[in-house]
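Note sheet for the following structure.
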Amino acid sequence: MKSKIKEIYRNGLMPIFVLYFLLSMIMISVSYYMVQQKELDSLSRGLYQENSLFFMVDQNTAHEWDWRKLRTTYPFTIFKELETGEVNVRALYYKEDTYKPPIVAGRFFNEDDFYSDHKYAVIGQRIAESALTSLDGRRYYLFQGKKFEVIGSMGAAYPSTLDTTVLLNLDALGQQTHLNNIYVLNSPAVSSVLKNGYLIFENLSVKVNVFDRGDAGAQRYVGIDIYRNTIIITVFLLLVCSSVIFTMNWYDKKKSEINWLWIMGIKSEKVMAEFSKRYYVAVSLSYLLMCTISLFLFLIARASTENIELYVQYLLIGYVLILLSSYLSISVTVKRIGRSGKDLSK
């Protein structure tokens, strides 16, 4: 890394390196904002997705279900709303994969926690201790006369409904058909889970009544989608415009060197290819350096695995945008040089 930076300095690319280092900071800040906004929107929905399916079923058949036998090839998460108010109590089951909220202490549910004759609870960080009981050094959440062992506490760095939410493993509720009858389904392919208004299990088909609860979540409420897209477009335009200006300035300073190489018989295409290669190296190193620093800070902040994966995805998208702005800058500059007729003439 150090030798590459020295090479960049010798090639007169330090202004480009510094420019893209600053632009990388902007791109990474936007990536961090996108991750935090995604998390905020999910938490404001109470862990439901934007396309979550709300439905009700016949109370007399609910106790017969075994969610492990639901016929679908896609991962899914099912919530059952038990209580809503100052404290939101929900039962949960998921298959293969689910969004895991920020965990303050302990852990979230594992797939092995379901249908294992255990009663587990993950509670919000603001759940009062008076709602818990202790036994043999373990804490339990009391619900409907049953004790659910607290295995984790969840909550973000900012206040949210998650702080006063309690999640229980769905299979532990047994045949308590007097509970609320509202279910919520999260899945990347809802239509594959619910077929023609039925949930298909291995041994039965269950008719469900789907209903629309309306818009939910901070993103829809304040229309953040529009602002987010505006930010992305603005940042990309800033990338392109600033890099074009600096690239033209850099090539102007390199005119003499380019002309001498051309006079010495080196083809213009080869000259431009070499200079473009140096340019891309400077751009990539600046972004890589900034990404390494930001990712390290993100990791020590104890972000959730989902947020880390999402952050890495945004960083990769940012790198593509950085390279795209570099390509456009070089293309515009080369065309300008060609139109000037001063060098690189064939």
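The values are calculated or read from the model by the stated rules, or taken from the named source; none is laboratory data. Computed from a predicted model, the values in this text were never measured in an experiment. Methodologically, a virtual Cβ is constructed for each residue, glycine included, from the backbone with ideal geometry; neighbour enumeration extends over all protein chains shown. The area values use the complete protein model at the heavy-atom level, side chains included, leaving out ligands, DNA and RNA. Shrake-Rupley method; radii C 1.70, N 1.55, O 1.52, S 1.80 Å.
Odds and ends about this structure:
- Between F296 and R126, the contour length at 0.36 nm per residue exceeds the alpha carbon distance by 58.3 nm.
- In sequence order, calculated HN-Hα J values of segment 316-327 (Karplus, 6.51, -1.76, 1.60; Hz; x Gly/Pro): 5, 4, x, 5, 4, 5, 4, 5, 5, 5, 5, 4
- Ranked order, V87, V184 - accessible area, probe 1.4 Å, largest first: V87, V184
- Relative to the current alpha-carbon distance between V312 and R71, full extension at 0.36 nm per residue lengthens the span by 83.5 nm.
- Note on V87 and T133: the extension gain reaches 14.9 nm, defined as 0.36 nm multiplied by sequence separation minus the Cα-Cα distance.
- Taking all protein chains together and rolling a 1.4 Å probe, I300 ends up with roughly 100 Å² accessible.
- Selection from I103, F76, M56 lying farthest towards where the dipole of segment 38-137 points positive, charges on Cβ: F76
- Above-threshold pairs, the threshold being 20 Å between Cα atoms, out of K69/K207; K95/K146; K69/K195; K38/K69: K95/K146; K38/K69
- Of the trypsin sites (Lys or Arg not before Pro) found in segment 89-139, those that fall in a DSSP loop while having at most 16 other beta-carbon atoms within 10 Å are R107, R126.
- 22 Å tail of the calculated P(r), segment 71-190, as % of Cα pairs: 32
- Bins of 10 Å from zero: percent of alpha-carbon pairs in segment 14-120: 10, 32, 29, 13, 9, 5, 1, 0
- Using the Cβ-Cβ distance between E202 and E96 with R0 set to 25 Å, the FRET efficiency from 1/(1 + (r/R0)^6) comes to roughly 0.90.
- Restriction of the trypsin sites (Lys or Arg not before Pro) in segment 273-302 to DSSP coil positions whose beta-carbon has at most 12 other beta-carbons within 10 angstrom yields R302.
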